[in-house]
Amino acid sequence: MYVQLDEIKLKTGESMEVGMLRAPDESYAEEIKKFLGHKPGNFKWHIERCVTEALDELETRFYVGKIDGKIITNIMTVEHEGIGILGHVFTLPDQRRKGACKGTMAYQMEDFRQRNGRALYLGTGYNSHPYHIYHNFGFESVFPESGFMKYQADDDFDNTYFASTNTYPKPAEWHDWPKLTALSGIVGSDTLRSLKWNVYGPTNFESGFLTFKHTLETDDIFDDAKLLTTNNRAIVGWATVCRDSRWQDNIALLDLFFHPNFVNSVPDLLAALKFPEMKVQCYVDSGAEKKAEVLETAGFSCEGRFKNQFEYRGQHYDVLVFGRET
């Protein structure tokens, strides 16, 4: 469904129509796919699917600027229940420096607020020209000197959204995408968050989720994957188990990450996983004491310690290997 939002004047004096396309919409499918055809890999996979089919409860919106009926600029958001990722910001090269993207974003942000949006995340280069544009629209670095940015309608969003409550494990679905970025973006928790997905510290999970979801749908690498969700449908933990190709698929790799407020719910998450009949290992950074305790309670034991295994933001970390025979 396409909705015209307004008509604005660009710096050149040209008139540009600003509109919002809510996917799926087959009447716009080919135009959107062509306009964003330069997007690589799994980004293109999502675009090509979302314009023609519903992806669980994921809300995909394309905010576009048009001159003479042709799209010249785009901003995409993927959202679920007020949590979103902003991406695919692109203006045709010959249409840049006219204010088209900035003008479109003003309507995109206002629409997000009008729909009671709670938090938006994006990735860009720190201190770059786009960084300052996003900053002017209310985005801030998730952590100092980072191009991973967030906009939160409520200053107390993190405390409210991740407030302790009842939880249950569930399979991964398309609409978990933005909520997993809210989880992967928390500050002050474990540093090594996923070895399989290469998540270290607060991370924009925009690309990582697509890789994970594509693998789930097209390959048999993962034995199982479960998410921990609250009764308010916030995603507060993940656990995945897959064959570790580094050891000829004879050992399984467990990746586990959770918000500290929900440590008492993690045993239920692990119990919901289907482990393969082989040895399972989980790698834990030396600062992740709660994760180590949870694993020991679940029958894992520390098998070894790698000294100064990796560096993150100037700090060196040991890595502990926890293992369990199944």
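The values are calculated or read from the model by the stated rules, or taken from the named source; none is laboratory data. The shown structure was predicted, so the numbers you read here are calculated from the model rather than taken from an experiment. Because the Cβ atoms are built from the backbone with ideal geometry, glycine has one as well, and the counts that use them run over all protein chains shown. When the accessible area is computed, the model is the full protein with side chains, heavy atoms only, and any ligands, DNA or RNA have been set aside. Shrake-Rupley method; radii C 1.70, N 1.55, O 1.52, S 1.80 Å.
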Completion exercise
Quick count over segment 112-133, residues being free of Cβ contacts under 8 Å to residues at least 24 places away in the same chain and either part of a helix (DSSP H, G or I) or of a type outside the set (Gly, Ala, Ser) (or both), is 6
Problem - Cβ-Cβ under 7 Å pairs, at least 6 apart or on other chains, segment 219-238 side crowded, with 20+ Cβ neighbours inside 10 Å, far side modelled with pLDDT under 95 and of a type in the set (Ser, Thr, Tyr) - result: none
Problem - Which numbered condition LYS274 misses (of (1) within 25 Å of the chain's Cα centre (by Cα); (2) surrounded by 15 or more Cβ atoms within 10 Å (Cβ to Cβ)) - result: (2)
Practice task
Could you tell me which numbered condition TYR283 fails, if it satisfies all but one of (1) within 21 Å of the chain's Cα centre (by Cα); (2) under 21 Å from SER189 (Cα atoms)?
Solution key: (1)
Handout entry: The lone exception for LEU183 - which of (1) out of contact with any Ser or Thr (no Cβ under 8 Å at 6 or more places or on another chain); (2) surrounded by fewer than 21 Cβ atoms within 10 Å (Cβ to Cβ) it fails
Key = (2)
Exercise for the section: Quick one: which residue in SER164, SER146 is assigned to a loop (DSSP other than H, G, I, E, B) and open to solvent by less than 20 Å² (accessible area, probe 1.4 Å)? Expected result: SER146
Practice task
Might you check whether a residue that is among the aliphatic types (A, V, I, L, M) and either more than 22 Å from LEU58 (Cα to Cα) or touching a Pro at 6+ places or on another chain (Cβ under 6 Å) (or both) occurs anywhere in segment 174-191?
Solution key: yes
Problem - Residue within segment 34-45 that is open to solvent by less than 30 Å² (accessible area, probe 1.4 Å), touching a strand residue (DSSP E or B) at 6+ places or on another chain (Cβ under 7 Å) and not in a helix (DSSP H, G or I) present - result: yes
Problem - Selection status of GLY188, open to solvent by 20 Å² or more (accessible area, probe 1.4 Å), at pLDDT 95 or above and within 19 Å of the chain's Cα centre (by Cα) - result: no
Problem - Hey, THR12 within 19 Å of THR104 (Cβ to Cβ), part of a strand (DSSP E or B) and either touching a residue at least 60 places away in the same chain (Cβ under 8 Å) or not charged (D, E, K, R) (or both) or not - result: no
Practice task
Inspect all residues belonging to segment 1-15 and state whether any of them is closer than 30 Å to GLU217 by Cβ, at pLDDT below 95, loosely packed, with under 13 Cβ neighbours inside 10 Å and out of contact with any Gly (no Cβ under 9 Å at 6 or more places or on another chain).
Solution key: yes
Practice task
Return yes or no: is MET109 of a type outside the set (S, T, N, Q) and part of a strand (DSSP E or B)?
Solution key: no
